[in-house]
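Okay, so here's the structure we're looking at.
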2 protein chains.
Amino acid sequence: MKKLVNDRMNPWPCIKGKDIPATIDLDPVIYNYAPTCAMVLDIGCACGKVSIPLSKHGYSVTGIDINTDVLELAKDSSGPDWSPSPSFLKGNATALPFPDETFDLTVMQAFLTTVVSKEERDRIIREACRVLKPQSCLYIADFGQTWHSKIYRERYINDLPVTKEEGSFLACDEKTGECDYVAHHFTEKELVFLLIENGFEVVFFKRDTFVTRTGNRVNGFVVVGRKS
Amino acid sequence: MKKLVNDRMNPWPCIKGKDIPATIDLDPVIYNYAPTCAMVLDIGCACGKVSIPLSKHGYSVTGIDINTDVLELAKDSSGPDWSPSPSFLKGNATALPFPDETFDLTVMQAFLTTVVSKEERDRIIREACRVLKPQSCLYIADFGQTWHSKIYRERYINDLPVTKEEGSFLACDEKTGECDYVAHHFTEKELVFLLIENGFEVVFFKRDTFVTRTGNRVNGFVVVGRKS
């Protein structure tokens, strides 16, 4: 059985910025769910792969991440000071440093996959709900459990004694074999209940295929919830 | 709580042929998994919606169903005697009336959804495996659990005390409200393990969207397993 070195359940505050994956592309459906000039919060923004295009689209974007190093990369990627660019700041998704009803749109792009406790995911969605204006939306794109893939089927099953949650697995460095972090892949039911039990109704749901950092094709979901 | 009148868990031998739904269209991928002039068995063939086009394609098709009435409809739809047409015969999918290794392809199109016991589904897949020649394939197209749909989410949950299986629900007559039959919608995990635990490896897997007999859009799967 694989073992977790140190605290691999949540290595994200300390991991090197360049080692944080940012693989999924933004689905253009997002633009249907925010007004022009919207105030947007990108939660778990990493190197700004989503924040920066949203900012160029004309939104007023704040990117938040728990990792200081990756925020420096994000700032460096934003372009010159005179061009529209996101604000990046350090913060924890379970306790967002913003008043209630601040944003017109919150975004979690391949972020929830890194949160490997159901209780923490619930807290995070409630926080995303709290900072949204009434009737505003949360956009989520994330990985789905991919049982038809022998690789992932075996990961979910073999790593279950360590992860204690079906659909979670140890993402390991291909060279050293050491576990970099634990990731979770969702079922449709999990994602839907995560939203409807924490203040949202589901207004858009799409099954997609995403490519992981290691080049595997896996199931993915794009979901939009409206604050209800 | 809804109640089941008579034996609605398995009304299929007695239901009127014209009331048996046949909604999903054949996915052309099927033609990649059978040689020209293949011997094909269509299990739960109903009115021949799949058997007939497969026969016109040049396959030698046998359609089997537990319902005598629907087999008459299938024979009537097959066209004149001189044209290539399937053989239709009455039989039970849990005990197929064929020797081992008879067929080059077995087909279950929206059939497993009507089998509302896991044990029976396991038996049926093992039978489909038994009658296949070595390395030959089973094609399945069936409905997936659709948790993002409020209609289906509520059905799965409300009917669980009766169905005793998550993803199953009572399909009711829209006019009388009376339960016509019980149906099961699958998770990806269920379908994959149904195959790999009963003699197959998964060689093709596609997530699709199907339309039900009542016009609802739901998740669907097209899966091909190879006898391993």
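The values are calculated or read from the model by the stated rules, or taken from the named source; none is laboratory data. Keep in mind it's a predicted model, so treat the numbers as computed, not measured. Cβ sites come from the backbone with ideal geometry, for glycine too, and all protein chains shown count toward neighbours.
B:E119 meets the stated requirement of being assigned to a helix (DSSP H, G or I) and either at pLDDT 95 or above or within 14 Å of another protein chain (Cβ to nearest Cβ) (or both). Restricting segment A:181-203 to residues that are surrounded by fewer than 18 Cβ atoms within 10 Å (Cβ to Cβ) and out of contact with any Ser or Thr (no Cβ under 9 Å at 6 or more places or on another chain), the residue that is farthest from A:P161 (Cα to Cα) is A:V203. For the criterion of being more than 16 Å from the chain's Cα centre (by Cα) and in a strand (DSSP E or B), A:E201 passes.
The residues on offer are B:R213, B:R226, and the sole one that is modelled with pLDDT under 95 and among the charged types (D, E, K, R) is B:R213. For segment B:31-61, the set of residues classified as under 15 Å from the mean Cα position of the chain (by Cα) and either within 18 Å of B:P80 (Cβ to Cβ) or not in a loop (DSSP other than H, G, I, E, B) (or both) consists of B:V40, B:L41, B:D42, B:I43, B:C47, B:G48, B:S51, listed by residue number. When you scan segment A:126-134, do you find a residue that is part of a loop (DSSP other than H, G, I, E, B), in contact with a strand residue (DSSP E or B) (Cβ under 6 Å, 6 or more places away or on another chain) and within 30 Å of A:F103 (Cα to Cα), even just one? Yes, segment A:126-134 contains a residue that is part of a loop (DSSP other than H, G, I, E, B), in contact with a strand residue (DSSP E or B) (Cβ under 6 Å, 6 or more places away or on another chain) and within 30 Å of A:F103 (Cα to Cα). Of everything in segment A:58-96 that is within 15 Å of A:V131 (Cα to Cα) and not polar (S, T, N, Q), the residue that is surrounded by the most Cβ atoms within 10 Å (Cβ to Cβ) is A:G63.
I'm checking my understanding of the structure. Among residues of segment B:209-228 that are within 19 Å of B:E154 (Cβ to Cβ) and not in a strand (DSSP E or B), which one is nearest to the other protein chains (Cβ to nearest Cβ)? Among residues in segment B:209-228 that are within 19 Å of B:E154 (Cβ to Cβ) and not in a strand (DSSP E or B), the one nearest to the other protein chains (Cβ to nearest Cβ) is B:N216. Scanning segment B:144-166 for residues that are more than 11 Å from chain A (Cβ to nearest Cβ), of a type outside the set (A, V, I, L, M, F, W, C) and either under 22 Å from A:V202 (Cα atoms) or not in a helix (DSSP H, G or I) (or both) gives B:E154, B:R155, B:N158, B:D159, B:K164, B:E165.
Of everything in segment B:173-190, what is part of a loop (DSSP other than H, G, I, E, B) and either more than 9 Å from chain A (Cβ to nearest Cβ) or at pLDDT below 95 (or both)? Give them in sequence order. The answer is B:D173, B:E174, B:K175, B:T176, B:G177, B:E178, B:H185. Among the numbered conditions (1) modelled with pLDDT of 95 or more; (2) surrounded by fewer than 18 Cβ atoms within 10 Å (Cβ to Cβ), tell me where B:H148 comes up short. The number of the failed condition is (2). Of all the listed residues (B:T146, B:T187), the sole one being in contact (Cβ under 8 Å) with a residue 60 or more places away in the chain, under 24 Å from B:D25 (Cα atoms) and touching a strand residue (DSSP E or B) at 6+ places or on another chain (Cβ under 8 Å) is B:T146. For B:F169, the conditions (1) more than 14 Å from chain A (Cβ to nearest Cβ); (2) within 30 Å of B:P35 (Cα to Cα); (3) under 17 Å from the mean Cα position of the chain (by Cα) all hold with the exception of (2).
Set side by side, the residues A:F221, A:F193, A:F169, A:F200 differ, and just one is more than 17 Å from A:M108 (Cβ to Cβ), modelled with pLDDT of 95 or more and not aliphatic (A, V, I, L, M), which is A:F169. Within segment B:61-113, the only residue that satisfies the criterion of being closer than 22 Å to B:D27 by Cβ, touching a Phe, Trp or Tyr at 6+ places or on another chain (Cβ under 6 Å) and modelled with pLDDT under 95 is B:A74.
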